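The values are calculated or read from the model by the stated rules, or taken from the named source; none is laboratory data. Just so it is clear, the structure is predicted and the values come from calculations on it, not from any experiment. Ideal geometry is used to build each Cβ from the backbone, glycine not excepted, and the neighbour counts take in all protein chains shown. Heads up: the accessible areas ignore ligands, DNA and RNA and are worked out on the full protein's heavy atoms, side chains in. Shrake-Rupley method; radii C 1.70, N 1.55, O 1.52, S 1.80 Å.
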Amino acid sequence: MRGCDQNQDLHEGMILNETCYVNSEHNMVSETLQNTRLMDGKAENNLHDQNDQILLEGFNGQHENVGLDGINATPCSDENCREENTSGTSSRDMADNLNGSMLPDIISKRVRQQKEMTLEDMYNDQYDYDDDDDSDWEPLPGPTAVIRWFCVNCTMANQDDVVHCDICGEHKESGILKHGFFASPFSQEAGLIHTDSEVVERCQDSRSPNLTSNNSTAVGFDERMLLHSEVEMKSHPHPERPDRLRAIAASLATAGIFPGKCYPILAREITREELQMVHSLEHVETVELTSRILSSYFTPDTYANEHSALAARLAAGLCADLASAIFSGRAKNGFALVRPPGHHAGVSQAMGFCLHNNAAVAALASQVSGAKRVLIVDWDVHHGNGTQEIFEQNKSVLYISLHRHEGGNFYPGTGASHEVGSMGAEGYCVNIPWSRGGVGDNDYIFAFQHVVLPIASEFAPDFTIISAGFDAARGDPLGCCDVTPAGFAKMTDMLNVLSGGKLLVILEGGYNLRSISSSATAVIKVLLGETPGCELDNCLPSKSGLRTVLEVLKIQMNFWSTLASTLTKLESEWGSCLVENRKKHTKKRRRAVAPKPWKWGRKTLLYHLLSGHLRYKSKRI
């Protein structure tokens, strides 16, 4: 969408920029919605209806008669945005009607901000870009003189005199879009069997009006979602790009899974009424407005073009129909191969690459079909702040998220362990916030065994949804964690025992094509009935992972009775390990207390003794 150790303090920022043109009896009034900036990415925006507006930039070519002169927007912030002030917004008149009809009236939206950051600073900060850059992802402002190419796998920039990516090792002309992760990363692809367009056509041609068996695994996909892309050419490709779906589709086709073993469902655009069960009317109308604009941005990293609204409606419609088909028994389970992703989209905001919340739409669709209790497990490396906001007061939906948090310093900054729900739904929001990057299979499986499954079993869901972001996968440039395809497969297998196997997996993030395609393929194989490739039952967690799990158990045991015994058992087994670790750190801190000037004065011996450089040995008599 460098090394992982350089990414752990990277922050992200979001800006909502749009200009809405209002027609009132041939008098056009333009309103500039204020820019909201996240400084240093301490937490992501929860964009409610208070302190932001939308700057819609550029009109579709069919509206060439629209005059656009000098729209200027300057950053604005409230106390949550480091207290920057808004100044100098300007507007312009539109001279002509748009082919006899004017754009609809759009009410300026002011949006309340939480502390926020954005996803793609994680690229730029790795190159020591300005620490005050507050967008999730904003490429270098000026052109560089060095000739370079961008890796098709991870989008990282490389000098033109190398043929393998310095970051991921992928060949400059890799065939990953033709064969998925089956293509060699080390050599140029020659004699390709399928072109990328042929792979997509095969997936589209496999569509059938009805699922042939209630024992089938259904896949939701439509090539029109590939039209959602960033129009503006920047100094770095956007990580949330159409190639993400192409690489997964190529992998599934090469493996003979889809088309082949899985069955497709016909794509349907979600209706406005269905969207309003999740989002506000203003949000729905704002997203729809982008279909009249050639290029627009909700935030610096959340783009839209004239096809984005359609892609978002298709993604949400596929998720809703998959949920209905699975719960009603017309399909055994399913995988939604969709974009744009959704779990950052809240009631009234688009952010973090997300326009509509696909998982929330699917959850409510399953309840319309008869589900009483729905479980959403979100293993995307970023907290699903939008999903949490939508359901934090709803006891019929249990939301569990495993994500990097690092004390609120990782995008979006929400998802601390003490965020448990509200208004009588306490305990129905479970956050497992990792304190560092590099988290791998062992910590995830350990958390599943001791937190996720015990709570989910007590909740006893009728339907289970996985918000499957694969940016926690090994090699992802934004997530910088270490989960393998086998780890994702094992987690899927563990959740598959719930809800009588009624399980829907929805694609969220993931920006390394090789990682995302291999992980998605491993997950779908589990849905098809295959056993995960390796056993990960006896997992030893890292010390930081163990602390996180114990912290969550201490909080959630107040709401779930089964956790008390689990906490007692873990503390008896692992408590001594944590105590020893604390003592070691305490000893180190106590040694280095001698004042520095003592090193060169009369107290030099005492300095070295206190600093641990010398040891005093008493004589025995």
- Potential extension, Ser235-Ala416 segment - 0.36 nm per residue separation minus Cα distance: 61.7 nm
- Förster radius 35 Å - calculated FRET efficiency between Leu227 and Glu282, Cβ distance, rounded to 0.05: 0.90
- Note on the structure: HN-Hα couplings for the range 169-174 via Karplus (6.51, -1.76, 1.60; θ = phi - 60°), in whole Hz with x for Gly/Pro, come out as x, 5, 5, 4, 10, 5
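Using a 1.4 angstrom probe on heavy atoms only, work out the carbon and sulfur share of the accessible area of the range 399-551 in %.
51 percent
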- In terms of the alpha carbon gyration tensor, root eigenvalues a ≥ b ≥ c, rounded if a/c is under 1.5 and otherwise prolate when a/b exceeds b/c or oblate, the range 440-563 is oblate
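Checking the table Lys395/Lys569; Lys490/Lys525; Lys395/Lys543; Lys372/Lys554; Lys178/Lys490; Lys502/Lys525 against a 22 Å threshold on Cα-Cα, which pairs fail? Walk me through the intermediate numbers first.
On the way: Lys395/Lys569 28 Å; Lys490/Lys525 11 Å; Lys395/Lys543 33 Å; Lys372/Lys554 28 Å; Lys178/Lys490 27 Å; Lys502/Lys525 16 Å.
In this structure, Lys395/Lys569; Lys395/Lys543; Lys372/Lys554; Lys178/Lys490 exceed 22 Å between Cα atoms.
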- Task: Search the structure for amide H atoms under 5 Å from the amide H of Phe335, placed 1.01 Å from N in the peptide plane, and list their residues when 5 or more places away or on another chain.
- Result: Ala218, Val219, Gly220, Val505
- With every protein chain in place, the range 295-351: carbon and sulfur % of accessible area (1.4 Å): 56 percent
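To the nearest µm²/s, what D does Stokes-Einstein give for the range 364-448 at 20 °C and 1.002 mPa s, using the Kirkwood radius over alpha carbon pairs as Rh?
D, rounded to a whole number, is 161 µm²/s.
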- Distance in nm between pseudo-label sites at Lys569 and Arg547 (7 Å out along the Cβ direction from Cα): 2.5 nm
